[in-house]
Amino acid sequence: MSYILKVVVPPVPSDNLSVRGFANTLAHTSMDLPPSARLLQFYDAITARYPCASSGAYSRASAAACPWGDTPLLDCLTGDIGVLTLSYKNIEVLSFVLRRAGALSLTVIDTQAGLVYRPARFRVVLTSIQKNVNTGAMLDKLVPLLKCTREQAVTMLGTPNALVRGRLDHVTAQRLVATMHLLGCNCSVEKEPSRSAQKAAAKVTATQAPPRAPAARVRVAAPSGFALAYRSMVNRAVHFMQGLLERLWERMTATRPYS
């Protein structure tokens, strides 16, 4: 039983239910168009490992080793979409296709399983500024490139490991790094953490209570000599009145007749 995969160049909708319709529309608009440059890179990568039968790489005895159901395989790529047919669900070939597609920021749609394999996202981080660079001229070019204000660009240049731009595919991130290098900024590409990792980090941050500031110690002044004498006099008066009331109560209860 054949197994069909759709390889898409442009970003697909975030809703998986809309992806199939998006791919069908893209296939219709890409009909009879030559394959895009990125699809050709993908084709070269997968056929270097698993050649197409039309290339003559297989003998008549080993023809069954070709994993591709349609030949020539290049005819399955048009415009920004490719429809690959595997002769069966070969896990080894499927895994290799997913890895090569992800490296080229391509989306793979598994039509049988209803799965969408989106490429990883990356971010560009500023690591350093090159020496002997005209900062004013650099800012004049950074503002339109990053679509930010001059103040935001100045803040970014003064912040260690500042985020230049995030949520990019690997190809776009590499291009931005090359452009930033020409402007005098050294940048690196980092993989964006997954949404689940971001949610977990945000949850941990929210549950961690901020440290409490130590309570200020209140110094109590030592009582003076007059205060000590006054307190002693009051205590003696209280004891005297308590004793007087106790003796009065005993006398009243002793002489009161009970029926």
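Brief remarks on what is shown
- Compactness index (Cα Rg / 2.2 N^0.38 Å), the stretch 1-100: 1.10
- Most to least packed among 93-99, 103-109, 131-137 [average Cβ atoms within 10 Å]: 103-109, 93-99, 131-137
- Straight-line cross-link partners of K191 among the aspartates and glutamates, defined as a Cα under 15 Å from its Cα and at least 8 positions apart when in the same chain: D169.
- Label-point separation, S128 to A57 (7 Å along Cα→Cβ), nm: 4.3 nm
- Rounded to whole Hz, the Karplus (6.51, -1.76, 1.60) HN-Hα couplings of the stretch 128-144, x for glycine and proline: 6, 10, 5, 6, 6, 9, 6, 5, x, 5, 4, 5, 4, 8, 5, 4, x
- Taking all protein chains together and rolling a 1.4 Å probe, H28 ends up with roughly 130 Å² accessible.
The values are calculated or read from the model by the stated rules, or taken from the named source; none is laboratory data. Note that the structure is a prediction, hence the values are computed from the model and not measured. Glycine gets a Cβ as well: all are built from the backbone with ideal geometry, and neighbour counts include every protein chain shown. Keep in mind that these areas ignore ligands, DNA and RNA; they rest on the heavy atoms of the full protein, side chains included. Shrake-Rupley method; radii C 1.70, N 1.55, O 1.52, S 1.80 Å.
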